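The values are calculated or read from the model by the stated rules, or taken from the named source; none is laboratory data. If you're wondering where the values come from, they're calculated on a predicted model, not measured in any experiment. For neighbour counting, all protein chains shown are included, and Cβ atoms are generated from backbone atoms with ideal geometry for every residue, glycine included. Note: areas computed on protein heavy atoms with side chains; ligands, DNA, RNA excluded. Shrake-Rupley method; radii C 1.70, N 1.55, O 1.52, S 1.80 Å.
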Amino acid sequence: MDITMQAVIDKIMKAKSVAVFPHVNEDPDAIASCFAFADMLRKTGKKATVYVSGKVESRLRFIGTDYVMYHDGIEHDHDLCVCLDCGDLDRITDRKKMFDEIANSVNIDHHCTNTRFADANYADGSASATGEILFDLFEKMDVEIDDNIARNLYTAICSDTGCFKFTNVTPKTMRIAANLLEYNFDHADVARLLFDCESLNAVKLKAEIMGGIKLYENGRIAVVSTDEKIGEKYGIDKEDIPNLVDIPRRIEGCEIAICVKRVDEGFRLNLRSNGDADVAKIAVGFGGGGHVRAAGATLHISDAEEAERIIVEACKQALREG
């Protein structure tokens with residue numbers, strides 16, 4: 001399989017109609033990168049459609065709604081499938097049928113655990129966001145960035161760097177951000193909508209979660225547990241439940257933060273590292289993946305206490321090894 005950016009560009013340039021896939025449960029980097037990529041394709045005279053597997057978080061509507069909800073049997077004329085911000089093929093879920101039908105694929109991603117599942121792959125684990133990689137790609141393709149593409153790339157990078165405060169920020173990240181700020185969009189509003197804008201019901205939900213924080217290893221591990229159905233209590237769709245793992249992550253002395261959320265298939269684990277622990281390695285042990293400081297996986301079991309015990313033990317081991 002090809003792993004160079006040029007191999008990716010060659011496939012893109014030969015394509016006439018492109019299906020663009022973000023990962024399931026789209027975050028801002030995934031969806032904004034897809035919109036930027038689709039706009040780039042259209043500027044070069046190609047057809048492009050962004051497909052999602054299910055309802056996108058309502059808080060991300062400010063980024064855009066130019067996507068199609070995938071369903072089995074959907075008609076298409078695509079000759080290339082591009083997956084963005086997808087660490088592995090399972091992350092496109094039911095869209096794999098279209099992926100297989102097209103049988104010509106590109107994978108562009110920044111997860112260090114990427115499995116390089118496409119025909120042409122460019123995965124750079126040192127990049128802060130997929131949006132950062134796309135900036136380089138567009139420059140190499142000599143594509144003119146416009147205000148809307150710049151806004152989407154900035155949104156992607158701003159989101160995955162925690163508004164430029166995470167350890168994945170590099171001098172290159174800041175140079176790219178500075179270049180994007182030369183365009184005409186409101187970067188302060190982007191940051192506000194990403195990080196400082198929540199519904200009252202979401203705030204109340206988070207307050208309940210805060211009351212159930214558990215600490216292990218003298219506070220080095222902090223855990224919150226919930227059920228995706230908790231949203232019903234507050235009139236929030238399960239897709240719109242806020243990012244709960246950041247609640248324990250903020251606790252002084254916490255080195256690994258965990259959110260254990262019951263979902264239909266078991267328990268979704270979200271992990272964050274404030275120290276030296278590699279949570280991507282922990283997640284891979286459970287069939288998941290991600291980054292050194294942020295990762296996730298799913299436990300296919302039915303008991304909540306057992307799910308919490310299993311992940312806490314894995315995190316204790318990671319701290320001992322660290």
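Points worth noting:
- The number of residues in the stretch 270-309 that are assigned to a helix (DSSP H, G or I) and open to solvent by 40 Å² or more (accessible area, probe 1.4 Å) comes to 6.
- Taken together, the residues in the stretch 94-113 that are of a type in the set (S, T, N, Q) and modelled with pLDDT under 95 amount to 1.
- Subset of the stretch 229-242 that is surrounded by fewer than 17 Cβ atoms within 10 Å (Cβ to Cβ) and in contact (Cβ under 8 Å) with a residue 24 or more places away in the chain - its residue that is nearest to R59 (Cα to Cα): E239
- Within the option set I176, I258, being surrounded by 18 or more Cβ atoms within 10 Å (Cβ to Cβ), assigned to a helix (DSSP H, G or I) and modelled with pLDDT of 95 or more holds for one residue only, I176.
- Positions within the stretch 101-118 being open to solvent by 10 Å² or more (accessible area, probe 1.4 Å), under 17 Å from V24 (Cα atoms) and either part of a helix (DSSP H, G or I) or among the β-branched types (V, I, T) (or both), in sequence order: T113, T115
- F267 surrounded by fewer than 20 Cβ atoms within 10 Å (Cβ to Cβ), at pLDDT 95 or above and in contact with a strand residue (DSSP E or B) (Cβ under 9 Å, 6 or more places away or on another chain): no
- Residue in the stretch 226-249 that is assigned to a strand (DSSP E or B), polar (S, T, N, Q) and touching a strand residue (DSSP E or B) at 6+ places or on another chain (Cβ under 8 Å) present: yes
- One residue from D100, D147, D186, D124 being in contact with a His (Cβ under 9 Å, 6 or more places away or on another chain) and of a type in the set (D, E): D124
- Only one of V223, V245 that is touching a Phe, Trp or Tyr at 6+ places or on another chain (Cβ under 8 Å) and on the phi < 0 side of the Ramachandran plot: V223
- Number of residues in the stretch 204-225 that are out of contact with any Gly (no Cβ under 8 Å at 6 or more places or on another chain) and under 17 Å from A257 (Cβ atoms): the value is 13.
- Residue match in the stretch 172-195 (condition: in contact (Cβ under 8 Å) with a residue 60 or more places away in the chain and under 21 Å from V245 (Cβ atoms)): yes
- Residues in the stretch 119-162 that are under 15 Å from the mean Cα position of the chain (by Cα), on the phi > 0 side of the Ramachandran plot and either surrounded by fewer than 16 Cβ atoms within 10 Å (Cβ to Cβ) or assigned to a helix (DSSP H, G or I) (or both): there are none.
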